[in-house]
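Everything below concerns the one structure shown next.
The values are calculated or read from the model by the stated rules, or taken from the named source; none is laboratory data. Bear in mind the structure is a predicted one, so any value in this text is a computation, not a measurement. Here Cβ is always computed from backbone atoms with ideal geometry, including for glycine, and neighbour counts include all displayed protein chains.
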Amino acid sequence: MGIFEHFPYTNFHELNLDWIIDFIQSGKLDIESSQKLVEELVKNQPAEIKRL
């Protein structure tokens, strides 16, 4: 029996792909939450600032 049978991945490329996908998805969520925050800030501006 080899050492690598005890790890969840025998192919370390799969591990790297899972990490990359998780990293990109977390970045996507951060960007979406930032967009929502900016949209709310723009929507809730006082009328004086909108006029400028």
Query raised in the report: Out of (1) over 11 Å from the mean Cα position of the chain (by Cα); (2) assigned to a helix (DSSP H, G or I); (3) at pLDDT 65 or above, what's the single condition that is false for Q45?
Result: (2)
Query raised in the report: at pLDDT 65 or above and hydrophobic (A, V, I, L, M, F, W, C): does that describe I3?
Result: no
Query raised in the report: Pairs, please: C-beta under 8 Å, at least 6 apart or cross-chain, first residue exposed (fewer than 10 other Cβ atoms within 10 Å of the Cβ) and in region 20-38, second modelled with pLDDT of 90 or more?
Result: none
